[in-house]
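Below: the structure, in C-alpha cells.
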Amino acid sequence: MALDHNTTLNSLGFAKPPSETRVVVAMSGGVDSSVVAAYLADQGYDVVGVTLQLYDHGAALAKKGACCAGIDIHDARRVAEERGFPHYVLDYENIFKDAVIDEFADSYLAGATPVPCIRCNERVKFKDLLETAKDLEADCMATGHYIQRKMGPNGPELHSAEDANRDQSYFLFSTTPEQLDYLRFPLGHLPSKDATREMAAQYGLAVADKPDSQDICFVPDGNYASVIEKLRPGAAEPGEIVHSDGRVLGSHEGVIHYTIGQRRGLGIGGLSEPLYVVKLDVDKKQVVVGPKELLATRTIPVREINWLGDEPFTSRKEWHLKVKVRSTRPPREAIIRPLTDTTAEVELLTPEEGISPGQACVFYASEGSRIFGGGWIWRGY
C-alpha cells in the first residue's frame, strides 16, 4: 500500500503513533540492549523485552564478560521492571547447542577457526527470536548491535556503525534482506560507546557501568580447547609437528590446541628461525609450521555467501569491493569473482596473513559505509 505523502513516519519507520507500534527488544542484560529498550519505552513505543537463555551457565555465572548468563537475565528483567514494560525469558539452550555449539566443536576439530557469534546471530537471534517477535505481533525487532540500517532506493541497506571502534558489521554480514526489513539498530548512529553509557546514566539504569561482554559466551577464559574436550571427549588426537619442508620437529596433543598464525607455545624451542603454524592437517594429524611468508594469502575460496547488493551477485564477472577477513582488521581492496549465487573466489590486492578456514569474509563498498554481505572462508576442496 502506498503511503500518503502527508503521513509522517515514527522513528522506527511506521506510519502510526509509537504507542501503536510494538517492538520486541532482544535484551542480553548488557548496557547496549538495555539502553535500546529504555530509549524506545521512553519514546512511547509498545516495548516487549525478550532475553534468551542460551546455555547452562553454572560455570559462567561468576564470569565477567559473558552475555546471556544468569546475572544478565536478572539485569534485563530489572530494566524492564523499572521502565514498566513486559519481559520474557526464553529457554533456547537446545536450539543454541544444535545451531551453534555443535558446529563450533566440529569445525574446530576439522582444523578451522570458527566464529560462533555470527552463527548465533544468523541461526538463533535473527531466525528463531525474530520469528518469536512476529508471533508476539511486533512490528519490528530492535537490538543493541552497533550497525546501521539505512533506507536506499531499493529498500533497506546495511551500513557500518558511525563509530568504527564499535562496528559489528563483521558479525552481522549474514543478515538477509528479509531480516533487515524487520530489524532496527537504534545505536548504530551514535558517535561512541561513551554516548551509550551516558544515555544509560540518564535513564538511571543500573547497568550503566557494566563491563562489555568479551570472548565467546560459552567459552570461559577464551580456552577453546578445554571446551572442545568437554563437548567431544577423546577427540583431540596426538600427532606430529612438521616443518613445511618435511622435517618432523616434535609432537603435539591435538590440532585443537593450535590456530593458523600461532607462534608462541608450539613446544619446538631451540630453532634459529621463528616459525608459525601455517596449516592444520586434521587427516594426517599434523601441525605444519613454517616461516612467516608462508602465512600470506592472496586467493580465498568463499561459500555460503549472503549477498546484499542491488543487482544479482552473478550478474557481473567481477565485483571490485573491499573485504574484511578478520574482525580486528580494516577492510582491504579485493576482486570478488562469483562462481555461483553463493560461492566465489576472492582475490586480495595485497596478501593477508593468518587467514583460516572457518572465518568470515565480509564485503564492503569501496567508498562509503555500505555492507554488501559476505561468506565463509573454506579450504576450497
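None of the figures in this text is laboratory data; all of them are computed from the coordinates on show. Since the structure is predicted, the reported quantities are computational estimates derived from the model, not experimental observations. Glycine gets a Cβ as well: all are built from the backbone with ideal geometry, and neighbour counts include every protein chain shown.
Does anyone have the angle between helix 31-42 and the longest principal axis of the chain? Alpha-carbon axes, 0 to 90°, nearest 10?
Helix 31-42 sits roughly 20 degrees off the main axis of the chain.
So which residue, out of PHE96, PHE313, PHE14, gets the largest mean-square fluctuation from a GNM of the chain using Cα contacts under 10 Å as springs?
Taking springs between Cα atoms under 10 Å, the residue moving most is PHE14.
Of GLY375, THR340, THR328, which is farthest towards the positive pole of region 295-377's charge dipole, taken about the Cα centre with +1 and -1 on the beta-carbons of Lys, Arg and Asp, Glu respectively?
Result: THR328, furthest along the dipole toward the positive end.
Quick check on my link table: of LYS285/LYS322; LYS97/LYS210; LYS125/LYS285; LYS150/LYS292, which ones sit more than 32 Å apart, alpha carbon to alpha carbon?
From the list (LYS285/LYS322; LYS97/LYS210; LYS125/LYS285; LYS150/LYS292), the Cα-Cα distance tops 32 Å for LYS285/LYS322; LYS125/LYS285; LYS150/LYS292.
Just subtract the alpha-carbon distance of GLN202 and GLU345 from 0.36 nm times their residue separation and send over the number in nm, one decimal.
46.6 nm is the gain from fully extending GLN202 to GLU345.
From the mean inverse distance of alpha carbon pairs (Kirkwood) and the Cα radius of gyration, derive Rg over Rh for region 170-215.
Over the Cα atoms of region 170-215, Rg/Rh equals 1.07.
Express the relative contact order of region 236-290 as a whole percentage, based on alpha carbon pairs under 8 Å and six or more residues apart in sequence.
40
Counting helices only, and only those DSSP H runs with n ≥ 4, report the 222 nm mean residue ellipticity of the chain as the sum of -39,500 (n - 2.57) divided by its residues, in deg cm²/dmol to the nearest 500.
-5500 deg cm²/dmol
Does region 201-332 come out rounded, prolate or oblate, given a ≥ b ≥ c as the square roots of the eigenvalues of its C-alpha gyration tensor, rounded meaning a/c under 1.5 and, failing that, prolate meaning a/b above b/c?
oblate
Under the rule a/c < 1.5 gives rounded, and otherwise a/b versus b/c splits prolate from oblate, where does region 18-221 land using the Cα gyration tensor?
Taking the square roots of the gyration eigenvalues as a ≥ b ≥ c, region 18-221 is rounded.
Tell me the label-point distance for the pair GLU240, LEU271, using the 7 Å Cα-to-Cβ offset, in nm and rounded to one decimal.
1.4
Mind telling me which of SER356, SER213, SER160 comes out most flexible in a GNM of the chain, alpha-carbon contacts under 10 Å?
Per the Cα network of the chain with a 10 Å cutoff, SER213 tops the list.
Most exposed first by the Cβ proxy, i.e. fewest other Cβ within 10 Å, how do MET199, MET151, MET141, MET27 rank?
Final ranking by Cβ density, sparse to dense: MET151, MET199, MET141, MET27.
Rounded to a whole number, what is D in µm²/s for region 135-177 from Stokes-Einstein with the Kirkwood radius over alpha-carbon pairs (37 °C, 0.692 mPa s)?
The calculation lands on 280 µm²/s.
What share of Cα pairs, in percent, lie more than 20 angstrom apart in region 295-377?
Of the Cα pairs, 21 percent sit more than 20 Å apart.
Place a +1 charge on the Cβ of each Lys and Arg in region 161-305 and a -1 charge on the Cβ of each Asp and Glu, then give the dipole magnitude about the Cα centre in debye, rounded to the nearest 20.
320
Provide the percentage of antiparallel DSSP beta bridges, counting only those with both residues in the chain; round to the nearest 5.
Approximately 70 percent, going by the DSSP bridge assignments.
What are the extents of the Cα atoms of region 236-290 along their three principal axes, listed from largest to smallest and rounded to whole Å?
29, 20, 16
For the chain, modelled as a Gaussian network with Cα springs under 10 Å, which listed residue fluctuates most, ASN223, ASN94, ASN154?
In the Gaussian network model the winner is ASN154.
Per 0.36 nm of contour for each residue apart, how much would the distance between LYS193 and GLU137 grow if the chain were fully extended, relative to their Cα-Cα spacing?
Length difference between fully extended and current span is 17.0 nm.
Distances longer than 20 Å among the Cα atoms of region 75-155: what percent of all pairs is that?
52
Label points 7 Å out from Cα along the Cβ direction at THR328 and ASP106: separation in nm?
Result for the modelled spin labels: 2.9 nm.
Scan around ALA142 for amide H atoms under 5 Å from its own, H built in the peptide plane at 1.01 Å from N, and keep only partners 5 or more places away or cross-chain.
Those qualifying (amide H under 5 Å, at least 5 residues apart or on another chain) are VAL24, VAL25, ALA26, ARG184.
Which entry in (1) 167; (2) 155; (3) 139 is this structure's computed volume of the Cα convex hull per residue in Å³?
(2)
In terms of Cα to Cα distance under 15 Å, which aspartates and glutamates are near enough to LYS230, apart from those fewer than 8 places away along the same chain?
Cross-link targets: ASP56, ASP102, GLU103, ASP106, ASP221.
I need the shape label for region 295-341. Rule: rounded when a/c is under 1.5, else prolate if a/b > b/c, else oblate, with a, b, c from the alpha carbon gyration tensor.
prolate
Quick one: order TYR182, TYR170 by neighbouring beta-carbon count within 10 Å, fewest to most.
TYR182, TYR170
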